[in-house]
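Novice: Provided herewith is a single structure, encoded as structure tokens, for subsequent inquiry.
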There are 2 protein chains.
Amino acid sequence: MGGDNDPIHPHLITLCANRQAGYNTGHMPEQLDSIELELQVGVAKVSKYAVSESGDTLELTERPQGGLSLVLADGQRSGRAAKIISALVARKAIALLAEGVRDGAAARATHDYLRTHRQGQVSAELCIVSLDLVTHTIVISRNSHCPVFILTPEGLRVWDEHSEPIGIHAGVKPVITELPVTPNTWVVAFTDGVLEAGQRFGSAFDIADWVTSHLSCTACGNGYGEQEGVTAASLADAVLARAIELDQKRPQDDMSVVVLALLPLQATDQARRLTVRFPVPPL
Amino acid sequence: MGGDNDPIHPHLITLCANRQAGYNTGHMPEQLDSIELELQVGVAKVSKYAVSESGDTLELTERPQGGLSLVLADGQRSGRAAKIISALVARKAIALLAEGVRDGAAARATHDYLRTHRQGQVSAELCIVSLDLVTHTIVISRNSHCPVFILTPEGLRVWDEHSEPIGIHAGVKPVITELPVTPNTWVVAFTDGVLEAGQRFGSAFDIADWVTSHLSCTACGNGYGEQEGVTAASLADAVLARAIELDQKRPQDDMSVVVLALLPLQATDQARRLTVRFPVPPL
């Protein structure tokens with residue numbers, strides 16, 4: 001996967017020092033091995049105000065060797081033209097991932113495809129978040145100026161390593177990081193409509209602060225993400241709602257939020273569940 | 001889409017006679033046109049008891065011209081071998097639908113692909129449920145012996161028109177039906193683990209009766225599906241739970257339930273939402 005599992009970022013914010021032991025060295029306390037985990041994914045999207053179609057596309061697929069991949073693509077500009085590009089990009093990446101192509105290769109191939117198809121004239125931002133059950137890691141690949149937020153019991157990492165969008169320059173590749181499959185891991189990815197929410201109105205979205213306080217332990221020692229009732233879906237909804245609020249209820253760009261979380265298993269029936277909800281555009 | 005929109009089935013059960021006026025003739029009461037609709041999808045799946053991997057695959061994609069397609073594939077037998085087949089089938093169909101191929105052609109092509117790839121030795125059942133925003137219909141394509149249940153304010157239709165599984169015989173095609181986009185429409189599709197639940201224990205699953213009573217109006221005149229709190233997700237969960245219960249908590253086959261519903265819009269933010277939850281298999 002290219003697995004440049006770079007060290008914790010300077011932006012690290014530590015809230016629960018008593019949960020830090022050995023996280024990145026693989027020496028987690030033994031009792032964690034016996035915790036059964038649940039994968040949760042939550043996605044929430046809106047289009048730019050007064051534009052009927054979002055230029056962002058989110059697709060997902062089951063990985064053939066086990067696990068799941070989420071692809072978030074943001075096409076240049078907004079509306080129909082952007083949608084065509086982001087859909088092209090997302091579907092190319094998904095088709096490759098569904099055939100078992102590794103994430104880094106899928107991102108490279110999608111870049112080459114877009115660049116060939118559109119002669120280097122059109123760019124897109126691409127983020128792939130996978131739960132890979134072969135390597136037993138979460139693999140995150142970015143070709144985007146939007147950072148990805150990673151929250152674990154030891155704190156928040158703002159992964160904003162520089163990367164280029166796909167489609168324009170030759171030889172572009174993603175930046176990639178891998179995370180161990182560990183309870184109470186949260187990955188929050190989003191498009192630039194969220195990143196830049198509120199900027200036109202003089203109140204930028206401090207996502208790091210906001211997500212941290214949303215997930216931080218009420219009684220210290222519980223760690224991130226064990227807060228009662230917070231799910232991947234509710235976090236994605238809450239981030240989106242805050243971004244819309246900062247844009248004074250008129251999103252200045254397409255906004256998409258993707259949250260992937262690994263939490264202690266609560267359901268007892270071993271079922272897999274998926275839901276979708278969206279307003280049907282009028283005729 | 002091949003649109004053989006055949007008449008209401010003899011199994012029709014009518015609960016709310018006062019809601020029947022003109023449904024199939026297109027002369028719905030005018031006020032229905034102004035109801036804003038929400039698409040809801042709910043999927044719930046379990047694998048056969050003591051088998052770690054389900055032989056059923058469910059994939060979804062956004063349709064390039066607008067809308068959404070769900071593909072449910074059930075591979076012959078269960079476990080890993082079935083999973084490989086159902087994944088192959090589902091991904092082929094999804095890749096075609098994502099490129100804008102019409103549903104009937106996607107099903108035919110997927111059949112030809114499986115038959116060529118496995119030399120006619122392996123079969124699969126395939127069901128495609130699409131919300132098509134170009135034709136403004138729900139399109140359902142079946143190559144399965146499992147019926148699809150369609151509930152509208154005028155009653156229940158058990159769509160069990162004969163169809164062949166894909167992969168074996170030459171020239172197989174799906175049976176297809178189209179439904180208008182109308183409030184309080186429910187489509188319930190499932191694999192044979194649900195259809196045959198309880199049979200080994202002498203208590204077959206009367207799905208028609210069960211779904212009808214689950215969705216029927218408490219105060220007559222409200223019609224199906226306006227029952228407080230019932231969502232596509234909760235209905236899928238409830239059907240699966242009942243099937244598991246009838247198999248005495250040990251599913252005798254892979255079980256998958258897919259529910260698509262068109263309901264009056266309740267959310268006010270125009271957001272699109274997707275969630276996934278599943279247990280992470282231990283290392």
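The values are calculated or read from the model by the stated rules, or taken from the named source; none is laboratory data. None of the values given here were measured: they were computed from a predicted structure. Positions of Cβ are backbone-derived with ideal geometry, glycine not excepted, and every protein chain shown enters the neighbour counts. The area values use the complete protein model at the heavy-atom level, side chains included, leaving out ligands, DNA and RNA. Shrake-Rupley method; radii C 1.70, N 1.55, O 1.52, S 1.80 Å.
Novice: Give the ranking of B:ASP74, A:ASP160 by solvent-accessible surface, highest area first, calculated with a 1.4 Å probe.
Specialist: Solvent-accessible surface, decreasing: A:ASP160, B:ASP74.
Novice: Out of residues 5 or more away from B:LEU265 or on other chains, whose amide H comes under 5 Å of its own, with H placed 1.01 Å from N in the peptide plane?
Specialist: Under 5 Å from the amide H of B:LEU265: B:GLU36, B:LEU37, B:GLU38.
Novice: Can you put B:PHE205, A:PHE201 in order of accessible area, largest first, using a 1.4 Å probe?
Specialist: A:PHE201, B:PHE205
Novice: With every protein chain present, what accessible area does A:TRP210 have (1.4 Å probe, heavy atoms only), rounded to the nearest 10 Å²?
Specialist: For A:TRP210, solvent-accessible area is about 60 Å².
Novice: Hey, which lysines would be in cross-link range of B:LYS173, C-alpha to C-alpha under 20 Å, not counting anything within fewer than 8 residues on its own chain?
Specialist: B:LYS92
Novice: Using only protein heavy atoms and a 1.4 angstrom probe, determine the accessible area buried between B and A, summed over both sides, in Å² to the nearest 100.
Specialist: 4800
Novice: Let me ask you something else. Over region A:61-171, give the accessible area per residue in Å² for a 1.4 Å probe, as an integer.
Specialist: Here the residues of region A:61-171 average 34 Å² of exposed surface.
Novice: Which percent of the accessible area of region A:131-268 is formed by carbon and sulfur heavy atoms (probe 1.4 angstrom)?
Specialist: With neighbouring chains kept in place, the figure for region A:131-268 is 48 percent.
Novice: Using the Karplus equation 6.51 cos²θ - 1.76 cosθ + 1.60 (θ = phi - 60°), what ³J(HN,Hα) coupling, rounded to whole Hz, does each residue of region A:163-176 give in order, writing x for Gly and Pro?
Specialist: 8, 9, x, 8, x, 9, 8, 5, x, 5, 9, x, 8, 10
Novice: Sorted by average packing, counted as other Cβ atoms within 10 angstrom per residue and highest first, what order do B:265-271, A:93-99, A:48-54 take?
Specialist: Top of the packing list down: A:93-99, A:48-54, B:265-271.
Novice: If you don't mind, another one. State, in angstrom, two size descriptors of region A:154-283 derived from its alpha carbons: Rg to one decimal place and Dmax to the nearest whole number.
Specialist: Cα only, region A:154-283: 17.2, 53 Å (Rg, Dmax).
Novice: If the reach is capped at under 24 angstrom between alpha carbons, list the lysines near A:LYS48, excluding any in the same chain fewer than eight residues apart.
Specialist: A:LYS83, A:LYS249
Novice: Note down the relative contact order for region A:38-137 as a percent, whole number, built from C-alpha pairs under 8 angstrom at least six residues apart.
Specialist: 30
Novice: Which value in nm describes the separation of the simple spin-label points at B:ARG250 and B:GLN266, placed 7 Å from the Cα toward the beta carbon?
Specialist: 3.9
Novice: Sticking with this structure for a sec: When only the heavy atoms of the protein chains count and the probe is 1.4 Å, how do A:THR152, B:THR116, B:THR231 rank by accessible area, highest first?
Specialist: Accessible-area ranking of A:THR152, B:THR116, B:THR231, largest first: B:THR116, B:THR231, A:THR152.
Novice: Compute the Cα gyration tensor for region B:44-202, then decide on rounded, prolate or oblate, letting a ≥ b ≥ c be the square roots of its eigenvalues: rounded whenever a/c is under 1.5, prolate when a/b is larger than b/c in the other cases, and oblate in all that remain.
Specialist: oblate
Novice: Kindly report, to the nearest 10 Å², the accessible surface of A:LYS45 as traced by a 1.4 Å probe over protein heavy atoms only.
Specialist: Ignoring ligands and nucleic acids, A:LYS45 comes out at about 20 Å².
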